[in-house]
Amino acid sequence: MSTVSVVIPCYKYGHFLTDCVRSVLDEQEGPDVRVLIIDDASPDDSAETAHKLAASDPRIEVRVHERNKGHIATYNEGLLEWADGDYVTLLSADDRLVPGALVRAAALLDAHPEAGFAYGRPLRFQHGGPLPKARTRGTGSVVYPGQWWLERRFREATGCITSPEVVVRTSLQREVGGYDPALPHAGDIEMWMRLASHADVGYVKGADQAFYRVHGGNMSTVDFGGQLDDLRQRLIAYESVLDKCAGRIPDAERLSAAVHTRLARFALRRAYRAYDRGRTDAVPVDELVAFARECLPGFAALPEYRALRLRQRVGAKAMPYLQPLVLSAVAERGREWLWWESWKRRGI
């Protein structure tokens, strides 16, 4: 029987903690599960709630920090120092697992020793509302070559994982290491990519694997001002992977160019959408353009930059009202260009 170590970091999430723990211990028949709750010096009753849960179930351990160490140090304490099962998963106290999630992930990893971690589809739900109906019957699994999965991340320049839906092979987690303290906001995707540079990646098909709770205190919430920081963190994350895993990533120069181009396009898209939405007072347009220039010296040739320049000529005040006309004109010019190219190819 596979053993799974579940690390539950908690900071001011005591009111979510019971629901989270019960989703691990009462709804995961099959693997041998142990839970560690780490309270990071919460000022509320989180530690008291954790101790009450531990008193009711011998599978639960509790650690309480005397002073706040921050989420990265807390994560790594559980993943690298405590976890000793075959597999390990990190589950924030405000999230919960779908029934049978650990069974499905452990079965995939048992059957495919070449896979370093397994994930599946997460379900988002609004706090205070009902849980969405989850699919609990899987339709199989697929194992992606690690290099293929890694290259796709560089081409898309964004993550495909929320976090609570991932189960990692503990031996690989220790070999590769945990979250990077230099990446407080993009440490997850950076770590997944490091893992993929060492092993293949499993995906659970058909079934949902975790519930991600949406509420006002989510750490992943990014406001307009934080969008630039998000892009910067992502750039550092991808460059970090290229540096740490240089010997394991073939054609690193090509992947670096791909992610720099993609991030530049993201920045310019956010800049021009600020004009469409009348949010130029809240969105750091100039800083986003500077970031695009930093990523890609030839950024001015990108279609997103041309779209931004068009909106700047129209003006921030007029653009939200004229947007339908502007976009219609742009689309018409695009159709004319395609017709002209077709006409030239026919040699008329």
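The values are calculated or read from the model by the stated rules, or taken from the named source; none is laboratory data. All values reported here derive from a predicted model rather than from experimental measurement. We place every Cβ from the backbone using ideal geometry, glycine too, and count neighbours over all the protein chains shown.
Yes or no, residue by residue, for (1) in contact with a helix residue (DSSP H, G or I) (Cβ under 8 Å, 6 or more places away or on another chain); (2) closer than 17 Å to Tyr179 by Cα; (3) at pLDDT below 95; (4) surrounded by fewer than 24 Cβ atoms within 10 Å (Cβ to Cβ):
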| site | (1), (2), (3), (4) |
| --- | --- |
| Thr49 | yes, no, no, yes |
| Leu53 | yes, no, no, yes |
| Arg59 | yes, no, no, yes |
| Val62 | yes, no, no, yes |
| Arg67 | no, no, no, yes |
| Thr74 | no, yes, no, yes |
| Trp82 | no, yes, no, yes |
| Thr89 | yes, yes, no, no |
| Ala106 | no, no, no, no |
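Regarding segment 170-193, can at least one residue be identified that is over 23 Å from Ile8 (Cβ atoms), under 14 Å from the mean Cα position of the chain (by Cα) and surrounded by 13 or more Cβ atoms within 10 Å (Cβ to Cβ)?
yes
Can you tell which of Leu268, Leu263, Leu242 is in contact (Cβ under 8 Å) with a residue 60 or more places away in the chain and either part of a helix (DSSP H, G or I) or surrounded by fewer than 21 Cβ atoms within 10 Å (Cβ to Cβ) (or both)?
From the options Leu268, Leu263, Leu242, the qualifying one is Leu263.
Within segment 78-98, is there a residue that is free of Cβ contacts under 8 Å to residues at least 40 places away in the same chain, out of contact with any Lys or Arg (no Cβ under 9 Å at 6 or more places or on another chain) and outside any helix (DSSP H, G or I)?
no
Conditions tested, residue by residue: (1) at pLDDT 95 or above; (2) aliphatic (A, V, I, L, M); (3) over 23 Å from Glu294 (Cα atoms).
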position: Arg174; (1), (2), (3): yes, no, yes
position: Leu183; (1), (2), (3): no, yes, no
position: Trp192; (1), (2), (3): yes, no, yes
position: Leu195; (1), (2), (3): yes, yes, yes
position: Gly217; (1), (2), (3): no, no, yes
position: Ala246; (1), (2), (3): no, yes, no
position: Asp251; (1), (2), (3): no, no, no
position: Ala257; (1), (2), (3): yes, yes, no
position: Arg262; (1), (2), (3): yes, no, no
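Of these, Gln173, Gln209, which one is part of a strand (DSSP E or B) and in contact with a helix residue (DSSP H, G or I) (Cβ under 6 Å, 6 or more places away or on another chain)?
After ruling out the rest, the residue left standing is Gln209.
Tell me which residues, restricted to segment 44-70, are of a type in the set (S, T, N, Q) and within 27 Å of the chain's Cα centre (by Cα).
Ser46, Asn68
Can you name the number of the only condition in (1) in a helix (DSSP H, G or I); (2) within 23 Å of Tyr179 (Cβ to Cβ) that Asp19 fails?
Condition (2) is where Asp19 drops out.
From the list Arg63, Arg22, which one is basic (Lys, Arg) and within 19 Å of Pro164 (Cα to Cα)?
Arg22
Evaluate the following for Leu228: is it among the aliphatic types (A, V, I, L, M), assigned to a helix (DSSP H, G or I), at pLDDT below 95 and more than 21 Å from Val167 (Cβ to Cβ)?
Taking the combined requirement at face value, the residue satisfies it.
Kindly indicate whether Gly128 is surrounded by fewer than 21 Cβ atoms within 10 Å (Cβ to Cβ) and either touching a helix residue (DSSP H, G or I) at 6+ places or on another chain (Cβ under 8 Å) or assigned by TED's automatic domain parsing to the domain that holds Leu172 (or both).
yes
Please give the number of the condition Glu29 fails out of (1) in a loop (DSSP other than H, G, I, E, B); (2) in contact with a strand residue (DSSP E or B) (Cβ under 8 Å, 6 or more places away or on another chain).
So the condition that Glu29 fails would be (2).
Can you tell me which residue among Arg153, Arg104 is among the charged types (D, E, K, R), closer than 20 Å to Arg22 by Cβ and part of a helix (DSSP H, G or I)?
Criteria check complete, one pass: Arg104.
Within the bounds of segment 151-161, is there any residue that is more than 30 Å from Ser256 (Cα to Cα), within 14 Å of the chain's Cα centre (by Cα) and either surrounded by fewer than 18 Cβ atoms within 10 Å (Cβ to Cβ) or aromatic (Phe, Trp, Tyr) (or both)?
no
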